[in-house]
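Below: one structure, written as structure tokens.
The values are calculated or read from the model by the stated rules, or taken from the named source; none is laboratory data. Computed from a prediction, not measured in an experiment: that's the story for all the values here. Note: ideal-geometry Cβ built from the backbone for every residue, glycine included; neighbour counts use all protein chains shown. Protein only, heavy atoms only, side chains kept; ligands, DNA and RNA dropped before computing areas. Shrake-Rupley method; radii C 1.70, N 1.55, O 1.52, S 1.80 Å.
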Amino acid sequence: MRLLFLNPNTSVSLTERMTEAVRPYLAPTTELVPVTAARGFPYISSRAEADVSASIVLEMIAEHEGAVDAVVVAAFGDPGLLAARELFDMPVVGVAEAAILTACAVGDRFGIVTFSQVMSTWYVDAVTRARLEARFTGVRVASQGIPAGVDTVQDTLGDRLVELVDEAATIDKADAVIIGGAPLSGFAVTVEDRVAVPVIDPAVAGVLQAEMLVRLSLPAPTKGSYARPPGKPSIGLAPALARRMGGPVDRPA
């Protein structure tokens with residue numbers, strides 16, 4: 001199987017970091033196809049940035065449709081996830097949702113630990129969308145702003161992140177903790193022996209869930225809220241996305 005590993009951020013280094021983190025977990029017959037957004041933001045950290053990136057996610061999936069078996073949206077807030085599920089027939093997995101569902105499979109209550117307060121509201125939105133607020137203990141953060149170098153946060157904030165996992169377990173009573181944010185991919189496995197509860201890497205949870213869904217070979221819905229909507233013509237969309245939306249490719253004069 002071929003999995004489109006889609007990074008909606010424009011940072012190639014983050015794509016490489018996440019890809020390196022997930023490869024050891026892939027089945028031998030799974031091929032990962034990593035792609036990075038050509039436009040947008042180096043690192044998505046707000047609702048506004050996520051909404052802008054959502055349309056880019058749809059364009060990127062449309063460009064690879066027919067060449068992959070499933071898609072992993074590899075940004076923790078899952079930009080474009082629900083729209084992509086509505087529009088495309090193959091499985092589309094968001095790493096935030098996959099991590100949340102995985103956490104619920106190993107404990108009653110879960111928390112999120114991340115490196116910046118800026119993203120907390122967006123992360124809470126992911127829990128709310130999953131309707132799992134009653135099992136959520138909250139977000140603990142290592143920094144109030146976004147560090148100048150997000151590529152180095154594992155080194156600069158690593159010890160504090162471990163402390164936050166312990167606080168989430170001891171004070172918040174979380175049974176499992178999600179390590180949120182693409183720059184923290186690969187961190188969970190390096191600290192497993194330093195923490196008292198399971199820590200979950202969203203990118204790893206995402207690719208493993210995508211593999212499962214491909215193997216289940218579930219049909220695309222023809223009824224319900226995720227049935228593909230009727231097609232219509234559009235103006236100015238990327239050609240591949242315009243075709244998938246069901247109308248002729250048109251451009252303004």
Any idea how many residues of the range 71-115 are closer than 13 Å to VAL57 by Cβ and of a type in the set (D, E, K, R)? 3
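Confirm whether GLY236 is modelled with pLDDT under 90, over 22 Å from the mean Cα position of the chain (by Cα), farther than 21 Å from LEU32 by Cα and not hydrophobic (A, V, I, L, M, F, W, C).
Here the answer is no, as GLY236 does not meet what is asked.
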Please find, among GLY80, GLY94, the residue that is at pLDDT 95 or above and on the phi > 0 side of the Ramachandran plot. GLY80
Any residue at all in the range 92-103 that is assigned to a loop (DSSP other than H, G, I, E, B), crowded, with 20+ Cβ neighbours inside 10 Å and in contact with a helix residue (DSSP H, G or I) (Cβ under 9 Å, 6 or more places away or on another chain)? no
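Which one is farthest from LEU164 (Cα to Cα) among residues in the range 123-139 that are part of a helix (DSSP H, G or I) and open to solvent by 60 Å² or more (accessible area, probe 1.4 Å)?
Across the range 123-139, the extreme among qualifying residues is ARG129.
Yes/no matrix, rows are residues, columns are (1) farther than 19 Å from VAL204 by Cα; (2) open to solvent by 30 Å² or more (accessible area, probe 1.4 Å); (3) in contact with a strand residue (DSSP E or B) (Cβ under 8 Å, 6 or more places away or on another chain):
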site	(1), (2), (3)
ARG2	no, yes, yes
TYR25	no, yes, no
ALA37	yes, no, yes
SER46	yes, yes, no
VAL52	yes, yes, no
ILE61	yes, no, yes
GLY66	yes, yes, no
VAL71	no, no, yes
Scan the range 106-114 and tell me whether some residue there is at pLDDT below 95 and either more than 16 Å from SER45 (Cα to Cα) or not in a loop (DSSP other than H, G, I, E, B) (or both). yes
Total residues in the range 16-63, condition more than 22 Å from LEU213 (Cβ to Cβ), hydroxyl-bearing (Ser, Thr, Tyr) and outside any loop (DSSP other than H, G, I, E, B): 3
Out of (1) at pLDDT 95 or above; (2) touching a strand residue (DSSP E or B) at 6+ places or on another chain (Cβ under 8 Å); (3) on the phi < 0 side of the Ramachandran plot, the odd one out for LYS173 is which? (3)
What about ALA203, is it touching a residue at least 24 places away in the same chain (Cβ under 8 Å), crowded, with 16+ Cβ neighbours inside 10 Å, assigned to a helix (DSSP H, G or I) and within 22 Å of the chain's Cα centre (by Cα)? yes
